[in-house]
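Before any comments, here is the structure.
Coordinate-derived values only; no laboratory data. This structure is a prediction, so every number in the text was calculated from the model and none was measured. Cβ placement follows ideal geometry from the backbone for every residue including glycine, while neighbour counts extend to all protein chains displayed.
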Amino acid sequence: MSIIKDANLAASGRQKIEWVKSFMPTLTTIGQDHIKNQTFAGLKIGMSIHLEAKTAYLALILKEAGAKVYATGCNPLSTQDDVAAGLASLGVEVYAIHGVLEEEYRDHLNQVLNNKPDLIIDDGGDLLEAYLNLPDSQKWPLIGGCEETTTGVLRLKQLAKSNRLPFPMMNVNDARCKHLFDNRYGTGQSVLDAILHTTNVLVAGKTVVVAGYGWCGRGIAMRAHGMGARVIVTEVDPVKAIEANLDGFEVMQM
């Protein structure tokens, strides 16, 4: 049984999930093949992701492709309660409530694992960590999974280095499309969007300091500059520092 804040929020969540489909043609196209072939028939998939409309749509695609899907959030502050309710009403088991404390968040991860998924989709590595912390007598043979963010990949590499990674994990984070589109354009826009919604300040004419010129830093600097800010980049990698300079930004030590 799902653990959500309020089932009465489901209509709003379903509306968001339906709306977002129009903006995800790649997932829709790929999903159609998997749905037709029932790729995941007989499999259980556990997800620990930022629980909002786009990831909810992914969960639905996996369900329609034959999987039993169990989802929780990877950060309680990013969970959208109406989306969680909407997803639960569409047949996915959901264990996620916005703003829960650490103990309840960990319990939601364990609720996913109680279903003994065959595959996991992780964002940050907490679901995998919860599995590894189970007593050996309570573990089962997982086929594998995927990890989609830098934090989780760093944790995976440490586990692999010490021979403590018990099954294959796909490094989605280092895919070229992840860096180019999600990090540079997605984070580049969403960071500025969050600042504007929080502060309601005019960006034009402000001095914006971007710490680091990785893919996220590139996107943030580009967006801030486009909105009229003076952008300063701090970067310890000399090659990236030169790149930032040639892109037109001031480069300084922090």
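For the reader, a short list of remarks on this structure follows.
- Annotation for residue 211 and residue 174: the two label points, set 7 Å from Cα along the Cα-Cβ direction, are 2.5 nm apart.
- FRET efficiency for the pair residue 18 and residue 161, taken as 1/(1 + (r/R0)^6) with r the Cβ-Cβ distance and R0 = 45 Å, rounds to 0.55.
- Taking the Cα centre of the chain as reference, the dipole from Cβ charges on Lys and Arg (+1) and Asp and Glu (-1) amounts to some 440 debye.
- Proximity of backbone amide H atoms, modeled 1.01 Å from N, is registered between residue 124 and 148, 149, 152 at under 5 Å, excluding neighbours fewer than 5 places apart on the same chain.
- With all pairs of different C-alpha atoms in the average, the Kirkwood value for the hydrodynamic radius of region 45-85 is 10.1 Å.
- When peptides 132-139, 2-9, 21-28 are ranked by their average number of other Cβ atoms within 10 Å per residue, the highest-first order is 2-9, 21-28, 132-139.
- For residue 232, the residues whose modelled amide H falls within less than 5 Å of its own, excluding neighbours fewer than 5 places apart on the same chain, are 208, 209, 210.
- Counted over all Cα-Cα pairs of region 184-252, pairs farther apart than 19 Å make up 25 percent.
- Over the chain: helical MRE at 222 nm, DSSP H runs n ≥ 4 each giving -39500 (n - 2.57), nearest 500: -13000 deg cm²/dmol
- Region 184-252 - percent relative contact order, Cα under 8 Å, separation 6 or more: 32
- Placed amide H near residue 3: partners under 5 Å, 5+ positions off or other chain: 94, 95, 96
- Relative contact order, percent, region 102-254 [alpha-carbon distance under 8 Å, six or more residues apart]: 15
- For region 124-254, a Kirkwood radius taken over Cα pairs fed into Stokes-Einstein (25 °C, viscosity 0.890 mPa s) yields D = 144 µm²/s.
- Distance from the C-alpha centroid of region 143-176 to that of region 80-136: 18 Å, rounded to the whole angstrom.
- For the pair residue 154 and residue 101, the difference between a 0.36 nm per residue extended length and the Cα-Cα distance amounts to 16.6 nm.
- Value of relative contact order over region 7-174, rounded to a whole percent, pairs C-alpha under 8 Å and six or more apart: 21
- The distance from the alpha carbon centre of region 210-233 to that of region 1-40 is 33 Å, rounded to a whole number.
- Paramagnetic reach from residue 189 in region 211-245 [backbone N under 14 Å; point 7 Å along Cα→Cβ]: 219-220, 223-224
- Taking the fewest neighbouring Cβ atoms within 10 Å as the starting point, the ordered list for 45, 195 is 195, 45.
- Cα pair distances exceeding 25 angstrom across the chain, given as percent: 51
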